[in-house]
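Structure first, commentary second.
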Amino acid sequence: MRDVSKFVQGFKRFQHQYLGNRHTLFDRLVEEGQHPRALMISCCDSRCDPALLTDCDPGDMFVVRNVANLVPPHTQATFFAATSSAMAFAVRNLEVEHIIVMGHARCGGIRTLMANRPPECDEEELIAKWLGIAADARQRVLQELPGKPAETQERACEQAAILISLENLLSYPWIRRRVHEGSLALHGWYFDMERGELLQYQAATGKFQVLVPNFNLYEEAASGSRVMGA
Ligand SMILES: [Zn+2]
């Protein structure tokens, strides 16, 4: 695609839906400002648009997107300030009640992290530096799943990296305090685009479990087994 007309046409549809005659939502958002209840930290991946995936309206969700949906630890907050300053704004100014870290299947960032090839140019150096935030996730996977297929290790690392980000969120004193006070809740989500399901990290089990199942899959499996059994 060499031009951006698809996006311009898309804005026209958005304008018609939200800014045309039925513009009460945006009137309120302009007059009263934004009051999103959640901060979503998600990947830049073009298949993982948080507003689309959660069917949100404008104003519902404050979003930070970066490669592999990583949260730098507090000790590196000023070095990776784009993400940490957005977190600070969401927590301090907007007083969000939830922070959701949403990872996803088939993440190119995590695949790059697992491959661990030495950077050969400035672009790769930048990406490697950033992905280094999740280096411990890679180590955990290599220790727990040695010799497994790359896809298995990558999926495990996608989920382990979410846990690193959740741990890193708690390294910020102003986040930790609010979590302990009960005014802020942290969530780890995993968009399984292969199965069309949303998973959530359950601290009680230490695992990601299906939060929104894709019932079509189970119906297909059931009808398949009937066919096989017939
Ligand atoms: Zn990704």
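The values are calculated or read from the model by the stated rules, or taken from the named source; none is laboratory data. Keep in mind that this is a model prediction, so the values were computed, not measured. Neighbour counts are summed over all protein chains in view; Cβ atoms, including those assigned to glycine, are modelled from backbone coordinates with ideal geometry. Protein only, heavy atoms only, side chains kept; ligands, DNA and RNA dropped before computing areas. Shrake-Rupley method; radii C 1.70, N 1.55, O 1.52, S 1.80 Å.
The alpha carbons of the range 1-90 stretch over 49, 39, 20 Å along the principal axes, in descending order. Once you reduce the range 27-44 and the range 120-156 to the center of their Cα atoms, the two points are 32 Å from each other. May I ask you to list the GluC sites (Glu not before Pro) in the range 135-204 that are in a DSSP loop and have at most 16 other Cβ atoms within 10 Å of their Cβ? Those that pass, being in a loop and sparsely packed, are Glu194.
Among Tyr190, Tyr201, Tyr218, the largest mean-square fluctuation in a Gaussian network model of the chain, built with springs joining Cα atoms closer than 10 Å, belongs to Tyr218. Only helices enter the 222 nm calculation for the chain: every DSSP H run of n ≥ 4 contributes -39,500 (n - 2.57), and dividing by all residues gives -13500 deg cm²/dmol, rounded to 500.
Taking Lys and Arg as +1 and Asp and Glu as -1, the other residues whose beta-carbon sits under 14 Å from that of Arg138 total +1. Overall form of the range 134-230: oblate. Here a/c, set by the Cα gyration tensor axes a ≥ b ≥ c, is 1.5 or more, and a/b is not larger than b/c.
For the chain, averaging the sequence separation of C-alpha pairs within contact (under 8 Å, six or more residues apart) and dividing by the residue count gives a relative contact order of 18 percent. The chain: percent of C-alpha pairs farther apart than 30 Å? Cα-Cα pairs in the chain separated by more than 30 Å: 35 percent.
Length gained on full extension, Asp3 to Leu170: 55.8 nm, using 0.36 nm per residue less the C-alpha separation.
What are the chymotrypsin sites (Phe, Trp or Tyr not before Pro) within the range 70-100 that DSSP puts in a loop, where the Cβ has at most 16 other Cβ atoms within 10 Å? Sparse-neighbourhood loop chymotrypsin sites (Phe, Trp or Tyr not before Pro): Phe79. Heavy-atom surface analysis with a 1.4 Å probe gives the range 36-229 a carbon and sulfur content of 53 percent of its accessible area.
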